[in-house]
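The next block holds one structure in the form of structure tokens; read it before the comments.
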Amino acid sequence: AMEEAARIPDAIPAAEIKTRRDMRDVFTITIDPADAKDFDDAISYRKLKNGVYEIGVHIADVSYYIEPDTALDKDAYERATSVYLPDRVLPMLPEHISNVLCSLRPNEEKLTFSAIFQINAKGEVKSHWLGRTIIFSNHRFTYEEAQDIIEKKEGIYKDEILLLNELAQKFRKQRFRNGAINFSSQEVRFKLDENGKPIGIVIKESKEAHQLIEEFMLLANKT
């Protein structure tokens, strides 16, 4: 599996790009925990001429790199999932795939599966499109950085972040009005010393920056 992963070229063939919806010129960001090693989902945004917003939810297209019945496929099947521990990840796929080829890193072209929505200012979804795409992320935010922009209303790409947050909060209100259950509970993160020994606990807070990603992911999954 490691050998197969090492043999996969980093460059995306032009023939593959031609088969996909090209989203590379659309403003795109990722928002993840500060200690995230891979970024597997991204949000894109642009305003259309009719005043409607086009919002894309993009998930890394791992299937492009994994052929059925290869060592990579069989090994991933055995593992079933990636395992997240306080100080490390045991990935389902070799790191060259999970942290490089399929990580939606800024300023790199990446293959994705996307749900692309046309949404009006009231937060109503007017239409959607689902399919394979190629994207180019403009910026990688941590949750803390995005939250800071939401609270202070200043910072890089603040207009885009504030608009996405406004729409996400409209979706959230709508969900709870329709009877959604709030499953959120307190999560903890362990602080470790250089030897991996736990030295403290930090309570993880779910703020608007987390909800922003959550609401668009839910919208994509639901659609």
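The values are calculated or read from the model by the stated rules, or taken from the named source; none is laboratory data. Just so we're clear, the structure is a prediction, and the values are computed from it rather than from any experiment. No Cβ is skipped: glycine too gets one built from the backbone with ideal geometry, and neighbour counts run over all protein chains shown. Areas reflect the complete protein model, heavy atoms only, side chains present, ligands, DNA and RNA absent. Shrake-Rupley method; radii C 1.70, N 1.55, O 1.52, S 1.80 Å.
What to note about this one:
- Net +/- balance of residues flanking residue 86 in space, Cβ distance below 11 Å, scoring K and R +1, D and E -1: +2
- Nonlocal amide H pairs with residue 92, under 5 Å, H built at 1.01 Å: 82, 83
- Area of residue 85 that stays accessible when all protein chains are in place (1.4 Å probe, Å², to 10): 80
- Label zone at residue 67 (point 7 Å along Cα-to-Cβ), backbone N below 13 Å, the range 5-34: 5, 7-9
- Extreme residue, positive dipole direction of the range 121-223, given options 211, 157, 195 (C-beta unit charges): 211
- When volume of the Cα convex hull per residue in Å³ is computed from the coordinates, the matching label among [x] 124; [y] 168; [z] 159 is [z].
- Only lysines eight or more places from residue 49 in sequence, or on another chain, were considered; those with a Cα closer than 17 Å are 122, 126.
- Annotation: per residue accessible area for the chain equals 59 Å², rounded to a whole number [probe 1.4 Å, protein chains only].
- Formal net charge of residues neighbouring residue 147 (Cβ-Cβ distance under 10 Å; K, R +1; D, E -1): -4
- Among the trypsin sites (Lys or Arg not before Pro) in the range 9-105, those located in a DSSP loop and surrounded by at most 12 other Cβ atoms within 10 Å of their own Cβ are 49.
- Sulfur and carbon atoms: percent of accessible area, the chain [1.4 Å]: 51
- The range 49-99: relative contact order as a whole-number percent, Cα under 8 Å and 6+ apart: 24
- When the residues 185, 114 are ordered by accessible surface, computed with a 1.4 Å probe over the protein chains alone, the sequence from largest down reads 185, 114.
- Adding -39500 (n - 2.57) for every DSSP H run of four residues or longer, then dividing by how many residues the chain holds, sets the calculated 222 nm ellipticity at -9000 deg cm²/dmol.
- Solvent accessible area, Å² - residue 128, 1.4 Å probe, full protein context: 100
- Of the residues 23, 217, 92, 2, ranked by 1.4 Å probe accessible area with the largest first, the sequence reads 2, 92, 217, 23.
- Cα centroid of the range 168-223 to Cα centroid of the range 68-115, whole Å: 22
- With DNA, RNA and ligands ignored, accessible area of residue 10 (1.4 Å probe; Å², nearest 10): 100
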